[in-house]
Amino acid sequence: MIPEGNHQSNIVRFKGFQNEYDRYRPQAPRLVTELLTGYLKRRPALVVDLGCGTGLSTFLWLAAADSVIGIEPGDDMRGKALEKWKALGSPEGISFIPGYSNALGLPPESADIVTCSQSFHWMEPVSTLKEAGRVLKAGGIFAAYDCDWPPVLEPSIESLYHELIEQAEAIIGRRLPAEERAFKWNKDEHLRRIKESGEFAFAREVVFHNTERCDAERYVGLTLSQGGVQTVIRLGGGELDETIAAYREEVERYFDGRTLETLLSYRIKLGIK
């Protein structure tokens, strides 16, 4: 049974797309572990990664914490994380379990750090922050981190990216009833919600950048990995096919067979209990 406040449409947003998601999406930068560990002032004994998906953030903590738990309600995404875990030899200290951000089933004051990598905007924020406050130790940290889309490249291509995303959302609005659409909370409100939750003595935003190597295939893949685009593709009918084809053509023309360094802006909204 899904706990109150969770949207089934959010949980299934990337259903069946776990391989492509894992292939094209960026792994969380190592700077995240360094920054949060610095605020904690000790090596974390337990990190809990909420909405962990395929583990792109969870595995980052394997060498930076004594143990880490990835919590993911989506079977396909969690299955991919487990597949990667087994490929690494099933290392101790990292596990992936089903669960929801506002019903973790963990003991009170058991975690040093609770993270949401590209995921907090899919969670009911009030109950999630309350649950994070419950499981965090004194001085523990809640951190939601996201990158800005798309990666910095070239104005005309970035404009085409936004047009594609907007077209996908318009199609969803036309073809899906409101109760079947995924619902996301505004990322710009994350810090305010952390402050107003009453769970944290200190809160702030940290902004930094990271670079990712991209060829045309990956840049297009990053675009097509966006949930709205995937929703339209699953709906069928080919309404985005021409737009995607034109976008791919422009990206391939720009890269011209090259692999380039692209820049991603990151924002961490954090609260310290």
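Measure nothing fancy, just the Cα-based angle from helix 75-87's long axis to the longest principal axis of the chain, in degrees from 0 to 90, nearest 10.
80
Quick one: work out the % antiparallel among DSSP beta bridges in the chain, nearest 5.
55
Two decimals, Cα atoms only, Kirkwood Rh: what is Rg/Rh over the chain?
0.96
Which of the peptides 49-59, 120-130, 151-161 is most tightly packed, and how do the rest follow, going by the mean number of other Cβ atoms within 10 Å of each residue?
Ranking, from highest mean packing down: 49-59, 120-130, 151-161.
Treating the angle as unsigned and between 0 and 90°, give the value, to the nearest 10°, between the Cα long axis of helix 125-135 and the longest Cα principal axis of the chain.
Roughly 40 degrees between the two axes.
Go ahead and estimate [θ] at 222 nm for the chain from helices alone: -39,500 (n - 2.57) per DSSP H run with n ≥ 4, summed, over the residue count, rounded to 500.
-11500 deg cm²/dmol
If you rank W61, W85 by fewest surrounding Cβ atoms within 10 Å, what's the result?
Lowest count first: W85, W61.
Report the residue, chosen from A65, A245, A132, that carries the largest GNM mean-square fluctuation when the chain is represented by alpha-carbon nodes joined by springs under 10 Å.
Of the options given, A245 has the highest mean-square fluctuation.
Going by Cα centres, the range 168-247 and the range 41-90 are how many Å apart?
Rounded to whole Å, the Cα centres lie 22 Å apart.
Helix 31-40: angle to the longest alpha-carbon principal axis of the chain, degrees 0 to 90, nearest 10?
Its long axis makes an angle of about 20 degrees.
Read-outs: derived from the displayed coordinates by stated rules, not from any lab. Just so it is clear, the model here is predicted, and its values are computed rather than measured. Note that each Cβ is placed from the backbone with ideal geometry, even for glycine, and that neighbours are counted across all protein chains shown.
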